[in-house]
Amino acid sequence: MASTLSQWLSCLRVKLLRRYEHQPFVSCLAGVYGCRWRRYERSQPGDCCCNKLEGASFTLLVAAFCLTLVFLYFWGQAKNDYNDFDWFNFGNLGFWFPWSVVLLVVAAIFFTYVTVLMLLAVCLLSEGQKLYLHWGHKVGILVSLTVSVIATAVLSDLWSKEWRTLLLSFQVTAPFLHVGGVLLTTSLAWPVALHFFRMKSRVRRGLILVMYLTILVSLYLVPLGLYSPCIKEEGTLGPAPALIGHRGAPMLAPENTLMSFERAVEAGSDGLETDVTISFDGVPFLMHDYTLRRTTNIHEVFPNRTNTPAAMFTWNELERLNAGDWFLSHNPFGTAGSLGAEDRQRAGNQSVCNLQTFLQLAAQTDKLVIFDLYRPPRGHPYRDTWIQRTLEVIQNESSIQSSQVLWLPSDLRALVQELDPEFQQTSGSRLPLEELQNNHIVKLNLDYTSMSTELIRKYAAVNITTNLYVISQPWLYSLAWCAGVHSVTTNAPQLLSTISSPLFIMSPDKYKLMWILTDLMSFVLILLVFFFHRWRERELEFCSSSRIKPESNTYSKFKTEMSDIWSVSSGNSPSEKTPSLATVTEH
């Protein structure tokens, strides 16, 4: 029994020492990576994995991988603001096109291409092969790198707030990115250890080890500096933020139309948000843009007035415009195709909505309302009385309760508070607590990028609630929920109303357990990989040195022993032909 076990262990030792040639696999890797389908070369012990040119190419490949990953993640997390980005480009270019989706597809293509090359390189290194990158791939890497750098720089200049969105995303994704980063680094232990123990240059070995350990230790310690409001004790999560439909439900109907607000109510919105402009003859109506060019057929009805301010049209002129057909032709959210035939027909026939109709809907459904109020341009009859005219509609021409109105305009706030103290005074900026209290502010209406758990708690302590705009992605809504936000303005009430609990939420104990187990398992696996390669290279070196004196009794005895073991493992008798030691070591 002991002899059988000894033979089995010796057989296992021989198999571990043998370098297997996965020739079809290596041929495929080398062919795709360097177009060298037959002329690939194994790096010899002591040699570098590539020459200086190929080393520079591999370094460039790593840089391209990192930058394309950052750009793809950056733009992927910016999905919440794709609509704003596309309309920003519409305002500058004069025509509609979904540039945000195109940019996302381009980023995904470049990242996929570079990632495939990275996987091929790592597999070749794991097989002990030298790297030879085809010149076509070198050009492709340069193009990927250049596009990623230019796109990131341009977006940083024109859309800098998305970097704050990126930082917010880490508060929910960082725990999982940490696990993914540790697993990726652990998988690289095999090629790193293989080449580390085969190199003869101490400088290169030290450089490789220091770089690898620096990345590894940094990843292990990332959770020490990690903060996420979604890592909290059970029972401390507050109620879900209330939903306020941003210009209604703009994914289901044309924005700022009666149909849009009706869809928002049906989707479970607690409030409705809009934008109010005063017509030339004093009728407050709903329009976000300064002109009518984007959301009406002004170019057909009044082709000579496409750039005229919306407030310079009379209400009779505004009623002649179609405010829904653009929604079907542009399909800004990619959701128009999901509408039924009846809804499509109704959406295409929407008209400009006035404030009175909007308020009546809110009164009938008992919804809160909040709106931006735009002062008319110079030369407008209501240039100086736009506040008073809006108050007349609210108080005298609609049945809405004053307590349902979140009064956002900061102009003449003291006068408005005096005329109707039942309004819920709302501030669009973060002011000192004393100033907020003096102005009777009960709610803050802030951009979601200013989200801060500490500030939200600070304001809540003095009975000032917080509303964030515009939040349409589930991960952002989950983050706002965990941070204690009281309400959010959203383009997607139909989506967020279905979320029953925050995504990614976990208790501190569960996260610590996940963190410690991940790091511990990674550390153990890396140690095993390094110990294995250290043992293997030393044994191979010993076997190789033993072949120097073929006439020695020690070598002959060792060779005979290895041959017998190989025969046993192959099922042959010792007298049959067996592979030599050179075969074992050279393969």
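The values are calculated or read from the model by the stated rules, or taken from the named source; none is laboratory data. What you are looking at is a predicted structure, and each value in this text was computed from that prediction instead of being measured. Backbone-built Cβ (ideal geometry, glycine too); neighbour counts: all protein chains shown. Heavy atoms of the whole protein, side chains included, go into the accessibility calculation; ligands, DNA and RNA do not. Shrake-Rupley method; radii C 1.70, N 1.55, O 1.52, S 1.80 Å.
Please go through (1) open to solvent by 60 Å² or more (accessible area, probe 1.4 Å); (2) modelled with pLDDT of 85 or more; (3) not basic (Lys, Arg) for ALA78 and return the number of the only condition it doesn't satisfy.
Against the list (1) open to solvent by 60 Å² or more (accessible area, probe 1.4 Å); (2) modelled with pLDDT of 85 or more; (3) not basic (Lys, Arg), ALA78 comes up short only on (1).
Can you tell me which of (1) surrounded by fewer than 24 Cβ atoms within 10 Å (Cβ to Cβ); (2) touching an Asp or Glu at 6+ places or on another chain (Cβ under 7 Å); (3) aliphatic (A, V, I, L, M); (4) under 12 Å from ALA362 (Cβ atoms) is the one ALA242 doesn't meet?
Tallying (1) surrounded by fewer than 24 Cβ atoms within 10 Å (Cβ to Cβ); (2) touching an Asp or Glu at 6+ places or on another chain (Cβ under 7 Å); (3) aliphatic (A, V, I, L, M); (4) under 12 Å from ALA362 (Cβ atoms), ALA242 fails exactly one: (4).
When the residues of the stretch 248-271 are filtered to those that are in contact with a strand residue (DSSP E or B) (Cβ under 9 Å, 6 or more places away or on another chain), outside any loop (DSSP other than H, G, I, E, B) and under 9 Å from GLN494 (Cβ atoms), which remaining residue is least open to solvent (accessible area, probe 1.4 Å)?
The extreme case among them is ALA264.
Output the number of residues of the stretch 194-205 satisfying the condition of being touching a residue at least 24 places away in the same chain (Cβ under 8 Å), open to solvent by 60 Å² or more (accessible area, probe 1.4 Å) and in a helix (DSSP H, G or I).
Within the stretch 194-205, residues that are touching a residue at least 24 places away in the same chain (Cβ under 8 Å), open to solvent by 60 Å² or more (accessible area, probe 1.4 Å) and in a helix (DSSP H, G or I) number 1.
Yes/no per residue for (1) over 30 Å from ARG538 (Cβ atoms); (2) in contact (Cβ under 8 Å) with a residue 24 or more places away in the chain:
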position: VAL192; (1), (2): no, no
position: LEU207; (1), (2): no, no
position: LEU216; (1), (2): no, yes
position: ILE231; (1), (2): yes, yes
position: LEU237; (1), (2): yes, yes
position: PRO250; (1), (2): yes, yes
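Within the set of pairs 6 or more residues apart or between chains, which connect a residue that is under 16 Å from ASP84 (Cα atoms) inside the stretch 137-162 to a residue that is among the β-branched types (Val, Ile, Thr) and at pLDDT below 95 with Cβ atoms less than 7 Å apart?
Final answer for the pair search is LYS161/THR449.
Condition check ((1) in contact (Cβ under 8 Å) with a residue 12 or more places away in the chain; (2) of a type outside the set (Val, Ile, Thr); (3) open to solvent by less than 50 Å² (accessible area, probe 1.4 Å)) across all residues:
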position: ASP509; (1), (2), (3): no, yes, no
position: ILE516; (1), (2), (3): no, no, no
position: LEU525; (1), (2), (3): yes, yes, no
position: PHE531; (1), (2), (3): no, yes, no
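Would a scan of the stretch 132-141 turn up a residue that is more than 30 Å from ALA480 (Cβ to Cβ), open to solvent by 60 Å² or more (accessible area, probe 1.4 Å), at pLDDT 90 or above and part of a helix (DSSP H, G or I)?
The answer is yes; a qualifying residue exists.
Quick check on this structure: which one of VAL222, VAL210 is of a type outside the set (S, T, N, Q), within 22 Å of the chain's Cα centre (by Cα) and open to solvent by 30 Å² or more (accessible area, probe 1.4 Å)?
Answer to the selection: VAL222.
Please find, within the stretch 354-380, the residue that is farthest from LEU321 (Cα to Cα) out of those that are open to solvent by 60 Å² or more (accessible area, probe 1.4 Å) and part of a helix (DSSP H, G or I).
GLN364
For the subset of the stretch 479-506 comprising residues that are surrounded by 22 or more Cβ atoms within 10 Å (Cβ to Cβ) and of a type in the set (Ser, Thr, Tyr), which member is farthest from ALA78 (Cα to Cα)?
Of everything passing the filter in the stretch 479-506, SER487 is farthest from ALA78 (Cα to Cα).
Does SER160 satisfy the criteria of being open to solvent by 30 Å² or more (accessible area, probe 1.4 Å) and not in a helix (DSSP H, G or I)?
Taking the combined requirement at face value, the residue satisfies it.
Could you list, in sequence order, the residues of the stretch 310-365 that are touching a residue at least 40 places away in the same chain (Cβ under 8 Å), over 24 Å from GLY271 (Cβ atoms) and more than 35 Å from the chain's Cα centre (by Cα)?
ALA311, MET312
Counting only residues that are part of a loop (DSSP other than H, G, I, E, B) and either at pLDDT below 95 or closer than 21 Å to LEU446 by Cα (or both), how many does the stretch 272-292 have? Reasoning before the result, please.
Going through the stretch 272-292, the residues part of a loop (DSSP other than H, G, I, E, B) turn out to be 279-283, 287-290, 292.
Among the residues that remain, those that are also either at pLDDT below 95 or closer than 21 Å to LEU446 by Cα (or both) are: 287-289.
The total comes to 3.
Need pairs with beta-carbon distance below 7 Å; first residue without any contact (Cβ under 8 Å) to a residue 60 or more places away in the chain and within the stretch 51-68, second part of a helix (DSSP H, G or I); sequence gap 6+ or separate chains.
These pairs meet every condition: PHE65/VAL114; PHE65/THR115; PHE65/MET118.
Would you mind telling me which numbered condition in (1) within 21 Å of VAL154 (Cβ to Cβ); (2) buried (at least 17 other Cβ atoms within 10 Å of the Cβ) VAL102 fails?
Checking VAL102 against (1) within 21 Å of VAL154 (Cβ to Cβ); (2) buried (at least 17 other Cβ atoms within 10 Å of the Cβ), the one that fails is (2).
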